[in-house]
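S.K.: Structure below; questions to follow.
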Amino acid sequence: QVQLVESGGGLVQAGGSLRLSCAASGRIFGVNDMGWYRQAPGKQRELVAGITNGGSTNYIESAKGRFTISRDNAKNTVYLQMNSLKPEDTAVYYCNAQLGTTAWGTTKFRDYWGQGTQVTVAS
């Protein structure tokens, strides 16, 4: 019923740009902090960028100056603008958010993950 749907991944050349989108769908009461993670083959999943409900952002060191995370609360959507892409950015990118749902008169917030979108940067 409630899910995060990602889009925007693909294959680009080094130095190119991509814009990832992640939209929460379903009967959603609220959205708290949101973020983007990535996982490259043979490596651990890492937080790339995060944004609080109030708009505060943080980035992994390697993304600073190149990536920008933003959100549109009216659309329950989070974006990741990626510029100056490098081959080392190649990974599956996952959206994460705590979503609030309501049932039987109560609201419960739980963690949700997007399905993952492949980003491949060719050298």
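S.K.: Sort out which residues of region 51-67 are touching a strand residue (DSSP E or B) at 6+ places or on another chain (Cβ under 6 Å) and farther than 17 Å from ALA91 by Cα, and write them in order of number.
M.R.: ILE51, THR52, ASN53, THR57, ASN58
S.K.: Also: Taking ARG38, is it within 21 Å of ALA122 (Cα to Cα), open to solvent by 40 Å² or more (accessible area, probe 1.4 Å) and not in a loop (DSSP other than H, G, I, E, B)?
M.R.: Numbers: within 21 Å of ALA122 (Cα to Cα): yes; open to solvent by 40 Å² or more (accessible area, probe 1.4 Å): no; not in a loop (DSSP other than H, G, I, E, B): yes.
Answer is no for this residue.
S.K.: How many of the residues in region 110-123 are touching a Leu at 6+ places or on another chain (Cβ under 6 Å) and not in a strand (DSSP E or B)?
M.R.: Final tally of qualifying residues: 1.
S.K.: Still on this structure, please answer the following. For residues in region 66-123 being without any contact (Cβ under 8 Å) to a residue 60 or more places away in the chain, farther than 17 Å from TYR37 by Cα and among the hydrophobic types (A, V, I, L, M, F, W, C), which is surrounded by the most Cβ atoms within 10 Å (Cβ to Cβ)?
M.R.: Out of the qualifying residues, it is ALA103.
S.K.: Sticking with this one: Looking at region 74-109, which of the residues that are part of a loop (DSSP other than H, G, I, E, B) and charged (D, E, K, R) is nearest to ALA63 (Cα to Cα)?
M.R.: Going through region 74-109, the residues part of a loop (DSSP other than H, G, I, E, B) turn out to be 74-76, 83-86, 90, 104-105.
Right, trim to charged (D, E, K, R) and you get 75, 86.
Details: LYS75: 25, LYS86: 10 Å.
So, considering only residues that are part of a loop (DSSP other than H, G, I, E, B) and charged (D, E, K, R), the one nearest to ALA63 (Cα to Cα) is LYS86.
S.K.: Right, something else. What's the number of the condition GLU46 fails, among (1) under 22 Å from GLN3 (Cβ atoms); (2) acidic (Asp, Glu); (3) free of Cβ contacts under 8 Å to residues at least 24 places away in the same chain?
M.R.: So GLU46 meets the others, but not (1).
S.K.: Kindly evaluate ALA49 against the criterion of being in contact with a helix residue (DSSP H, G or I) (Cβ under 8 Å, 6 or more places away or on another chain), under 30 Å from SER123 (Cα atoms), open to solvent by 40 Å² or more (accessible area, probe 1.4 Å) and modelled with pLDDT of 95 or more. Give the derivation first.
M.R.: Numbers: in contact with a helix residue (DSSP H, G or I) (Cβ under 8 Å, 6 or more places away or on another chain): yes; under 30 Å from SER123 (Cα atoms): yes; open to solvent by 40 Å² or more (accessible area, probe 1.4 Å): no; modelled with pLDDT of 95 or more: yes.
No.
S.K.: Let me ask another. Which condition number does ASP33 fail, the rest of (1) open to solvent by 60 Å² or more (accessible area, probe 1.4 Å); (2) more than 16 Å from the chain's Cα centre (by Cα); (3) under 27 Å from THR102 (Cβ atoms); (4) in contact (Cβ under 8 Å) with a residue 40 or more places away in the chain being met?
M.R.: All conditions pass for ASP33, except number (2).
The values are calculated or read from the model by the stated rules, or taken from the named source; none is laboratory data. Computed from a predicted structure; not experimentally measured. Don't worry about glycine lacking a Cβ; one is built from the backbone with ideal geometry, like all the others, and counts go over all protein chains shown. Note: areas computed on protein heavy atoms with side chains; ligands, DNA, RNA excluded. Shrake-Rupley method; radii C 1.70, N 1.55, O 1.52, S 1.80 Å.
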